[in-house]
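**Student:** What follows is a single structure, and I will ask about it in a moment.
The values are calculated or read from the model by the stated rules, or taken from the named source; none is laboratory data. Not measured: the values here are computed from a predicted model. All Cβ positions, even for glycine, are placed from backbone atoms using ideal geometry, and neighbour counts span all protein chains on display. Heads up: the accessible areas ignore ligands, DNA and RNA and are worked out on the full protein's heavy atoms, side chains in. Shrake-Rupley method; radii C 1.70, N 1.55, O 1.52, S 1.80 Å.
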Amino acid sequence: NGGLQDGPTFVPRAQSGKARVLDAGASFIVGDILSDRAARSTTFGLSNELATGFWSAVKTGTSKDMRDNWCVGFSDRYTVGVWVGNFDGRSMWDVSGVSGAAPVWRDVMDYLHRDRPSRQPAAPPGLVRQVVKFAPAVEPERSEWFVRGTETAIVEMLAPARRAPRIVYPAADSIIALDPDIPAPQQRVRFRAYGGAGLRWELDGTGLGAAD
């Protein structure tokens, strides 16, 4: 953790100073993504347990069957990880990372920074900031960080007609089991398909509706 008192460091090194674990530029960009509350506002809203009043980068995770969840994040001084679950392995009910582990993480971080703000790290050498536009304009243009030489000014979406239709979920050969603890009429499988236009779902010869 050397160097944290003088500001954030994203490049852990061995004591010899020769072994690099992570590239400084890539680490900075990941931290910038995880600190962007606007990027996660579509899912969580702008006001949520991950939106601290100081600079921080954070990520949540939830196991597929909601067996447990976690929240790991850092500021310029502290790294905090929280796990929430049942020690006997039983699944929880409707508890995700943002509703289970995140409130605990937020309380700890707020306490650690009660008398000390967190500073946003400075970009390391080798990074450039580039305004990116989308075509079509599915999102407003914005400024993003790139490793020098990889920057792009436009992100062009492929037209639906150029994408071969395919089923994304369930994947081929998937085995889906009913949960004995949940009433069968309440259990659902979400179908997902990409590509094409006017696609419709059909299961064992029975139409299920549009795949939009």
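**Student:** Go over the candidates Tyr169, Tyr194 one by one and state the one that is open to solvent by less than 90 Å² (accessible area, probe 1.4 Å), hydroxyl-bearing (Ser, Thr, Tyr) and free of Cβ contacts under 8 Å to residues at least 60 places away in the same chain.
**Tutor:** Tyr169 is the lone residue from the list that is open to solvent by less than 90 Å² (accessible area, probe 1.4 Å), hydroxyl-bearing (Ser, Thr, Tyr) and free of Cβ contacts under 8 Å to residues at least 60 places away in the same chain.
**Student:** Given the criterion exposed (fewer than 13 other Cβ atoms within 10 Å of the Cβ), under 24 Å from the mean Cα position of the chain (by Cα), over 26 Å from Arg200 (Cβ atoms) and of a type outside the set (A, V, I, L, M), identify the matching residue among Pro125, Pro121, Pro180, Pro140.
**Tutor:** Going through Pro125, Pro121, Pro180, Pro140 in turn, just one is exposed (fewer than 13 other Cβ atoms within 10 Å of the Cβ), under 24 Å from the mean Cα position of the chain (by Cα), over 26 Å from Arg200 (Cβ atoms) and of a type outside the set (A, V, I, L, M): Pro140.
**Student:** Could you check Asp94 against (1) modelled with pLDDT of 80 or more; (2) under 20 Å from the mean Cα position of the chain (by Cα); (3) not aromatic (Phe, Trp, Tyr) and say which number it fails?
**Tutor:** (1)
**Student:** I would also like to ask the following. Picking from Arg119, Arg77, which residue would you name as being assigned to a loop (DSSP other than H, G, I, E, B), in contact (Cβ under 8 Å) with a residue 60 or more places away in the chain and in contact with a Leu (Cβ under 9 Å, 6 or more places away or on another chain)?
**Tutor:** Answer to the check: Arg77.
One line per residue, one yes/no per condition, for (1) closer than 30 Å to Thr152 by Cβ; (2) out of contact with any His (no Cβ under 8 Å at 6 or more places or on another chain); (3) of a type outside the set (Val, Ile, Thr); (4) open to solvent by 30 Å² or more (accessible area, probe 1.4 Å):
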site	(1), (2), (3), (4)
Thr52	no, no, no, no
Phe74	yes, yes, yes, yes
Val82	no, yes, no, no
Trp93	no, yes, yes, yes
Ser99	no, yes, yes, yes
Tyr111	no, yes, yes, yes
Asp115	no, yes, yes, yes
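**Student:** Show the residue pairs that are 6+ apart or on different chains and have beta-carbon atoms under 7 Å apart, the first residue being within segment 34-46 and within 13 Å of Ala57 (Cα to Cα), the second being among the charged types (D, E, K, R) and modelled with pLDDT of 80 or more.
**Tutor:** Once the first residue is within 13 Å of Ala57 (Cα to Cα) and sits in segment 34-46, its partners that are among the charged types (D, E, K, R) and modelled with pLDDT of 80 or more give Leu34/Lys59.
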